Amino acid sequence: ELGCADRVRIDEGFIPEGAIRDYFGACDAILLTYKAEFVSQSGVLLLASNWGKPVLASSGPGPLSRTVRKFDLGPTVPPDDVVALRGAMEQLVEQGYEASGWPAFRAHATWDSNAAALLRAFDGQAVSTVPAGEMT
């Protein structure tokens, strides 16, 4: 109806590992749009970092939208807001977006930096033990 069938492809479902390169290589932007109940990080964001494409993200309060904003990877919109999503998509198409923060994100998202952050989170915290008879 909109005359864009020759430019848009929607594949719902699992993408086999061997096809991931083709999908990310062919796209202009990566949409990580989740419902308000989603309050986690997205593994797709880590995959996307290999291609440096802009990301349009929405999710509940959590690390995904914060990370996209922190590293300037693309626009974020409130979850479940179709009007805002449409506006951000139009902005990406019409104006483009230079996702300049991918190098900093890649440096931040290494195994070493994640392990160091986990160790810092537990540093100085006593391990609590509960006698077996008191566990519920």
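A few comments on the model shown:
- Qualifying residue in segment 72-79 (condition: surrounded by fewer than 19 Cβ atoms within 10 Å (Cβ to Cβ) and touching a Gly at 6+ places or on another chain (Cβ under 7 Å)): yes
- Within segment 91-102, restricting attention to residues that are in a helix (DSSP H, G or I) and under 14 Å from residue 53 (Cβ atoms), the residue that is modelled with the highest pLDDT is 102.
- Flag if residue 21 is within 18 Å of the chain's Cα centre (by Cα), open to solvent by 70 Å² or more (accessible area, probe 1.4 Å) and of a type in the set (Lys, Arg): yes
- Inside segment 49-66, residues that are open to solvent by less than 20 Å² (accessible area, probe 1.4 Å) and not hydrophobic (A, V, I, L, M, F, W, C) make up a count of 7.
- Cβ pairs under 9 Å, 6+ apart, first in segment 91-107 and open to solvent by 30 Å² or more (accessible area, probe 1.4 Å), second β-branched (Val, Ile, Thr): 97/55
- Scanning segment 24-48 for residues that are farther than 20 Å from residue 77 by Cβ and either more than 11 Å from the chain's Cα centre (by Cα) or open to solvent by less than 80 Å² (accessible area, probe 1.4 Å) (or both) returns 24, 25, 26, 43, 47.
- Per the conditions (1) over 24 Å from residue 25 (Cα atoms); (2) assigned to a helix (DSSP H, G or I), the sole criterion not satisfied by residue 78 is (2).
The values are calculated or read from the model by the stated rules, or taken from the named source; none is laboratory data. Remember, predicted model here, so these are calculated numbers, not experimental data. A quick note on method: Cβ atoms are made from the backbone with ideal geometry, for glycine too, and the neighbour counts reach across all protein chains shown. Each accessible area value is taken on the protein alone, full model and side chains, heavy atoms only, with ligands, DNA and RNA left out. Shrake-Rupley method; radii C 1.70, N 1.55, O 1.52, S 1.80 Å.
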